[in-house]
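Structure first, commentary second.
The values are calculated or read from the model by the stated rules, or taken from the named source; none is laboratory data. What you are looking at is a predicted structure, and each value in this text was computed from that prediction instead of being measured. Here Cβ is always computed from backbone atoms with ideal geometry, including for glycine, and neighbour counts include all displayed protein chains.
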Amino acid sequence: MYRVTFIDADGQVTELTAQQGQSVMSVAVANGIDQILAECGGSCACGTCHCYVDDAWIGRLAPPDDSEQGMIECLMNPTTRSRLSCQLKMSDALDGLVVHLPREQY
Amino acid sequence: MTANLLASDGQAFEPLTDAFAQNPYPAYAALRDKGTPQFFADFDMWLVTRFDDVAAIARDISMVRSPEFFMSEEEITEQKRLQNWLDMPHHQRFVQFSMLDSDGEVHDRLRKQVFREFTPAFIARQRGMIERFVEKLVDSLIGKGEIDFVEELAAQVPGHIIGRVLGVPDEDCPQLRVWSERVVQFFDIDRSDERKALAEQATTEFYHYLLKLMAERRRAPQEDLITRLMAAQDAGALNEDELVSTCMLILMAGHGSTIDVLGSGMHALLRFPDQMERLKADPGLIHTAIQEMFRFESPLPFFHRYSTTDCVVGGQGFPRGTKFGLLYGAANRDPAQFENPDTFDVGRNPNRHLAFGGGAHFCLGNHLARLDMEVIFTTLLKRLSSISLVDAEPQYKRGLSVRGPKVLRLALTPA
């Protein structure tokens, strides 16, 4: 079991547990984190699972691939910390990951 | 051709009847209550209606749109012949082949060429243009007292907006809508020869129109999607047939389903007047209200997938090559997923419906459709003091693959 922490736009903190290989998006959806809409279900096709990876973690993630990067550039309010949570898969390296949630996805 | 499903207990499913057109939800509930996929004999297809099963298939990359992954070319031709898909050269070239009916590399490559224009940030920049367009249209209708909401308002917006994104002049949009409807009608389960002739002719005229438009852009490039797609073609990212097919798909998608859900969404607000009042009193509910319109009356309630591996759906095993009919309209009323699913609730949240499908084929135009609807409903609720139905029971379109009122006559009182 891994730990992942979500912090919403009002600063509300939710700590959850995740399985090996589970996406951060699916952890959010399974636990009622409603700011992660994830309408396409994790195919990098809708851009509604946007999150901001915490400063302390951004350097420890593999960079986005081309299709994720293309989508990130077209999200509302993207930053250098923007990721699609459907593309972040939990592993030993991400145990304890902290992500921030946008107020709205679109 | 008849279209009846006879389940093991002999119960019929008749999606081409007027009764089904007016209210498909009891028939969907009866299918859902059986718990497992049900075989639809006339089309050699298993209908899937439970939310979890529909979502799982839509999102599964081993479930595909095109049978080419497991059928030989001869088998595909024979299947097309049986389903009356052959002898329509332009339709086969530009409609039966499309991003929608491609999978894997071809689908991803075509989607990549157009997705930028449909992302949240790009669509948000269209808001001012859409607001000006809708304000002007409402100005022209508000004094009329009585309108057909479908024809005079709904049908005038999404097609024009998608036309502007692609690069089609406003004055050509009514013709594009006629072609789109003729092409799309042929996709329903009753593929008559008459509809076939109309679909082929419409595709041919549409093709010649797009060739002319492309020639104009070649002479004088513009800031629009068609110009950008032509540059992508020059760069080798797609060929001319793929470009024509993709433009047709985008224009047809923009002319059909949003019109239908605008009509059914307005009808829902009128059938649930407490919800209309609630939305008027709190316009901030518009986002959840629109989500609920898509859930409550999903405008494209039926899409298919083929399995490329042996699979299990709803606890039942199926072989590779099984065709599944995903009934989004049924899944979106599944009580296992939605509390009081037959109640229209403009504040429903979360509302993880499947009206836009799921997975790699998730509706490309979803953000644009929602913005069109947001602008239209916000404008109308602001500018009208009352909206009421003229006919108590508006007639809905017949068929399994579309859902929306044919006509929606409204009496309007300006604010």
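A compact table of results
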item	result
Among the candidates B:296, B:272, residue that is crowded, with 19+ Cβ neighbours inside 10 Å, over 19 Å from residue B:95 (Cβ atoms) and among the aromatic types (Phe, Trp, Tyr)	B:296
Residue satisfying all of: in segment B:159-198; assigned to a helix (DSSP H, G or I) and polar (S, T, N, Q); surrounded by the fewest Cβ atoms within 10 Å (Cβ to Cβ) among these	B:175
Breaking point among (1) part of a helix (DSSP H, G or I); (2) modelled with pLDDT of 95 or more, for residue B:306	(1)
Checklist (1) closer than 28 Å to residue B:156 by Cα; (2) crowded, with 19+ Cβ neighbours inside 10 Å; (3) within 14 Å of another protein chain (Cβ to nearest Cβ) applied to residue B:344, failing item	(3)
Matching residues, segment A:75-92, being among the aliphatic types (A, V, I, L, M) and in contact with an Asp or Glu (Cβ under 9 Å, 6 or more places away or on another chain)	A:76, A:84
Entirely in segment A:1-91, the helices (runs of 4 or more DSSP H) that have 2 or more residues that are loosely packed, with under 14 Cβ neighbours inside 10 Å and away from every other protein chain (no Cβ under 11 Å)	A:55-58
Segment B:98-133, residues that are of a type in the set (Asp, Glu), without any contact (Cβ under 8 Å) to a residue 60 or more places away in the chain and within 11 Å of another protein chain (Cβ to nearest Cβ)	none
For residue B:350: the one exception among (1) in contact (Cβ under 8 Å) with a residue 40 or more places away in the chain; (2) within 14 Å of another protein chain (Cβ to nearest Cβ)	(1)
Leading residue by the ranking (farthest from the other protein chains (Cβ to nearest Cβ)) among those in segment B:50-72 that are of a type in the set (S, T, N, Q) and over 15 Å from residue B:318 (Cβ atoms)	B:72
Boolean, residue B:278 is within 14 Å of chain A (Cβ to nearest Cβ) and either of a type outside the set (Ser, Thr, Tyr) or part of a helix (DSSP H, G or I) (or both)	no
Options B:86, B:5, B:47, B:16: the member that is modelled with pLDDT under 95, of a type in the set (A, V, I, L, M) and in contact with a Phe, Trp or Tyr (Cβ under 7 Å, 6 or more places away or on another chain)	B:5
Residue match in segment B:337-351 (condition: in contact with a strand residue (DSSP E or B) (Cβ under 8 Å, 6 or more places away or on another chain) and either outside any strand (DSSP E or B) or within 28 Å of residue B:50 (Cα to Cα) (or both))	no
Residue check, residue B:93 over 22 Å from residue B:58 (Cβ atoms) and within 13 Å of another protein chain (Cβ to nearest Cβ)	no
Candidates B:292, B:277, filtered to the one that is acidic (Asp, Glu) and under 18 Å from the mean Cα position of the chain (by Cα)	B:292
So residue B:57, is it assigned to a helix (DSSP H, G or I), at negative phi, in contact with a Pro (Cβ under 8 Å, 6 or more places away or on another chain) and aliphatic (A, V, I, L, M)	no
